[in-house]
Amino acid sequence: MEIMIFTNGRPSTFPAIEYGAWLGASLGTSVLLVGLDEAPSPSQIDEETHPLEAVFAQAVEAFKKAGVKYSLEVLQGHAEEVIPARVKGRDALVVLGPLGRPPLKRLLSGRSFRHIMEQVGAPIVYAPHVKLPIRKVLICFGGLGYEVSAENLALNVAKASRAEIILLTVVPPIDLDYPEARQVRENWERLAETETVAGKSLRRGLESARAAGLNATVKVRNGNVLEEIMAEMKEGNYDLLCMGSPLSSNALRQLYTPNVTAEIAEMDLVPVLTARYARG
């Protein structure tokens, strides 16, 4: 798997470059830094006034310090269009950070990360700042299997620094009355011991983490999913959050289901690793 880091030259993207360098060194893979020239002009990229020039110089130093093999590339166009096209069909881990959009643009069209996440099928690490080394990783389990792809990648990252793993499930208020729902509602504090779908998912996650030689525990919270994940993040002092996503660019569920992964990532608390659910 190749690590592809994207920057538009804004200082806010440099933590992603540092994080990508660390990932490359930890996973033993090369990195490709793609500079996005979002406002092309007749001037050439090698002019010292170009915003990508300074970031590329810093990036090269970071890559050399990390000891990773790297390559550089410049593409013209806006990130929301260029990144999905460049990543399509590649076995890659995409690393990016806040692109420094003006507040009015974010208000009118939303955060760029949400648009990119909808269009990019590859795993993404969103790094608004750097928290290294990774000592504590939170993996969110929704019980539907959407987290499996992110979990597998997270375990590989965690093994590099022998990080502690916490598997979190949030049980939301359940009004429906059918056997599975009743079992979850009545046994949420010991959910991992039940034969519910969520319980089996948590046990499988524990087995995977422990098979990788990692210390892993389960934590279950009850309440609003977004609020409870946020509360756990603030209380647990985590270095990395991993969440799956059922997202598909043509999925009708986007029209009525809140994208919890994007909402959490956009709060810029810690780096977030997300991988789209891969059926089968």
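The values are calculated or read from the model by the stated rules, or taken from the named source; none is laboratory data. If you're wondering where the values come from, they're calculated on a predicted model, not measured in any experiment. Here the Cβ positions follow ideal geometry from the backbone for every residue, glycine too, while neighbour counts run over all protein chains shown.
Of note:
- Considering residues of the stretch 86-109 that are at pLDDT below 90 and among the charged types (D, E, K, R) only, the residue surrounded by the most Cβ atoms within 10 Å (Cβ to Cβ): R101
- For the stretch 77-89, the condition holds for at least one residue, the condition being that it is of a type outside the set (G, A, S), out of contact with any His (no Cβ under 8 Å at 6 or more places or on another chain) and not in a helix (DSSP H, G or I).
- Test: A209 is within 22 Å of S161 (Cβ to Cβ), of a type in the set (A, V, I, L, M), part of a helix (DSSP H, G or I) and at pLDDT 80 or above: yes
Yes or no, residue by residue, for (1) under 22 Å from I124 (Cβ atoms); (2) of a type outside the set (S, T, N, Q); (3) at pLDDT 85 or above:
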position	(1), (2), (3)
R203	no, yes, yes
R221	no, yes, yes
G244	yes, yes, no
P258	yes, yes, no
A265	yes, yes, yes
R279	yes, yes, no
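- Among the residues of the stretch 82-97, those that are under 18 Å from L23 (Cα atoms) and either touching a Leu at 6+ places or on another chain (Cβ under 7 Å) or of a type in the set (A, V, I, L, M, F, W, C) (or both) comprise V87, A92, L93, V94, V95, L96.
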